[in-house]
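Undergrad: Submitted below is the structure of interest, expressed as structure tokens.
The numbers here are math on the coordinates, done by the rules we state, and not lab data. All figures in this text were calculated on a predicted structure; none of them were measured in a lab. Glycine also receives a Cβ, built like all others from the backbone with ideal geometry; neighbour counts cover every protein chain displayed.
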Amino acid sequence: MKPLSTRRRIWLIGALAILVIGAVVAWRMLPPNALSFAAAHAVTLADYAGPSPIGAPPELRSADLVTRGKYLVDAADCIVCHTTDGGQPFAGGRAFVTPFGILYSPNITADRETGIGAWSDADFLSAVHKGIDNQGRRLYPAFPYESYTLLADEDVLAIKAYLFSLPVAHATSPPNSLKFPFNQRWLMGIWSAFYSPDQRFRPRENRSPEWNRGAYLVEALGHCGDCHTPRNLAQAPDNRHKFEGAVTSGWRAYNITPDAASGIGQWSDAELIAYLSAGHATGHGSAAGPMAEVVDASLRNMAPADVRAIVTYLRTIPAIRTHDLAAPEASPASDNPKSIEASVDPRGKQIFEGACASCHGWSGVGVLTNYATLTGNRAVNDPSAINVAQIVLSGEQRIAVDGALLMPGFGAAYSNTEIAAVANYVTARFGAAPSRLTAQDVAEFRRLSSE
Amino acid sequence: MAAQISFASFIATVVECEVDGAGEVKLRRVTSAVDTGITVNPDTVMAQLQGGLVFGLTAALYGEITLKKGRVQQSNFHDYRMLRIDEVPKIDVHLIKSGEAPGGIGETGATASIPALRNAIYAATGVALRRMPIERNLLATTHT
């Protein structure tokens, strides 16, 4: 055979290299969809013989459309993103700090000029399933239509009926401040083609009815993966790392796979149910930040059978280890204020003593309420300390199942150096591994979570 | 340090402090000498002056009320800090025996510790602060 000329050889190697790089990029950039891990035995809803996994729970099946719609709106947690702090519900305007700029959620009340009052059923279905608004414009996937596309038509229309039953707000959100090229909405069409296949939920015949209900609640309505699954370069959930945990808007959503150390493998069903429906589980601490919002606006309004279904489903996710998260320290710290390693910045202890100890105790066991218990809390056992710093900065104000809770926010009066010092002290004293936050880290957390 | 005539009392105050790279100020010691005229109950005078000095230091270090959309943003001690007991430095107050007419003791300490702290910071860093509470960003040498 005639040897290849140098020129042809270079061409050939070049072409091969492009193919290989292209394949790697495609593999990296095109993750499986959210339910691919249980791909077998998928059937359409119409062909599924089991009890319906969609809609409101059985106790509400005979209720009117608006009541069923409210249950679904709660389950999809629409209110949290579409309402500003203290603003009228669903009037929009909440800011989302993304790597590409700031996005503001729109008004989804039925106001005809500034809301969705003029939208037909088909317009609303198109927005929720395809991410295309009534003007034909592409929506940004901060609105999780890649999850909502799984919703059955009748559920989407029940949601619309509920939204249209509410008081209208005449309110226009601030314009987005996205950088070029991300301010080009049409590009989201390409994004959708890859990451949001316009496809409804398909039950699995080989799974229990409870699993199918859980899958619908977690993937279609709850869109848990939007926070708990890391994103790829295109900001689409990377389902090869499904539910492994990720940082969103300056808060870390933790691993919710069945992994024993870093996930929920060691949690009992009762603990998971308590955490989801009340925001607190003995031995695991309390939900805070965005997860507390999810509990208060969404999960706590759900039927007990639905919360159980969520747990059933989560138990079947492939377990993945998050490498920096060790199993939480399960026993309380000493009651003695002096028991702490000398390597910790003394300012951390000084601030804890003045501002924290009276509620959280020196042992980390809540003095006034169980909700203040730090023992076993994932955030305290996270050496990145990101959520500890965030809650110290912004505090928490919740009306929990058994009454009002208040963790003051210390961000206004304490410096970044001080917040870093107290977060490092808390992880060292109560957690499995100490954190090493700096003032710069805290400055960045402030920026990410600022509205 | 600072020396002044305050509410008809005479007071001289020395504040010792440290300034770190982030611009945080740590108080080490406060010493005041006061001539407040004839003294009936020296213990009360001492306590009033110590309290006044701490009150002034709180104002100098943290006392800030800010407004947003016409509303005061501070609501309680988590966002309106006070000097806590573990941040309070050692305070020595020396009373000068005097038979003069009595002067004020309540606010005297408060007016004394603010300029004394400000001048101590100037002595330590060369930065002349002109606003309260102290502007830590002007004192920071490591930028965050």
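Undergrad: Based on alpha-carbon atoms only, what is the radius of gyration of chain A relative to the globular estimate 2.2 N^0.38 Å? Walk me through the intermediate numbers first.
TA: Numbers: Rg = 23.8 Å, N = 451, 2.2 N^0.38 = 22.4 Å.
Its radius of gyration relative to the 2.2 N^0.38 Å reference: 1.06.
Undergrad: Would you calculate the separation in nanometres between label points at A:A23 and A:A319, each defined as 7 Å from the Cα along the Cα-to-beta-carbon direction?
TA: Inter-label distance under the simple model: 3.3 nm.
Undergrad: Between region A:239-270 and region A:385-443, how many Å separate their Cα centres?
TA: 20 Å
Undergrad: So for chain A, averaging the separation of alpha carbon pairs under 8 Å that are six or more residues apart and normalising by length, what relative contact order in percent results?
TA: Working: 828 pairs, mean separation 63.0, N = 451.
Relative contact order, chain A: 14 percent.
Undergrad: May I ask you to work out the translational diffusion coefficient for region A:314-374 at 4 °C, viscosity 1.567 mPa s, via Stokes-Einstein with Rh from the Kirkwood sum over Cα pairs, reported in whole µm²/s?
TA: On the way: Rh = 13.9 Å.
Answer, rounded: 93 µm²/s.
Undergrad: Give me the distance in nm between label points sitting 7 Å out from Cα along the Cα-to-Cβ direction at B:N137 and A:N370, one decimal.
TA: According to this spin-label approximation, the distance is 4.5 nm.
Undergrad: Can you list the trypsin sites (Lys or Arg not before Pro) in region A:178-244 that are in a DSSP coil and have 11 or fewer other beta carbons within 10 angstrom? Before the final figure, lay out each step's value.
TA: Values: sites: A:K179, A:R185, A:R200, A:R204, A:R207, A:R213, A:R231, A:R240, A:K242; in loops: A:K179, A:R185, A:R200, A:R207, A:K242.
When the trypsin sites (Lys or Arg not before Pro) of region A:178-244 are filtered for loop state and at most 11 Cβ neighbours within 10 Å, A:K179 remain.
Undergrad: Same structure again: Given N residues in region A:1-155, what is its alpha carbon radius of gyration divided by 2.2 N^0.38 Å?
TA: Working: Rg = 23.4 Å, N = 155, 2.2 N^0.38 = 15.0 Å.
Taking N as the residue count of region A:1-155, the ratio is 1.56.
Undergrad: Given a cut-off of under 8 Å on Cα pairs at least six residues apart, what relative contact order in percent is computed for region A:209-314? Intermediate results must be reported in sequence, preceding the final value.
TA: Values: 147 pairs, mean separation 30.2, N = 106.
Dividing the mean separation by the residue count of region A:209-314 yields 29 percent.
Undergrad: In nm, what is the difference between 0.36 nm times the number of residues separating A:L12 and A:A330 and their Cα-Cα distance?
TA: Details: separation 318, 0.36 × 318 = 114.48 nm, distance 5.90 nm.
Full-extension gain reported as 108.6 nm.
Undergrad: Distance in nm between label sites at B:I38 and A:S120, each 7 Å beyond Cα in the beta-carbon direction?
TA: 9.7 nm
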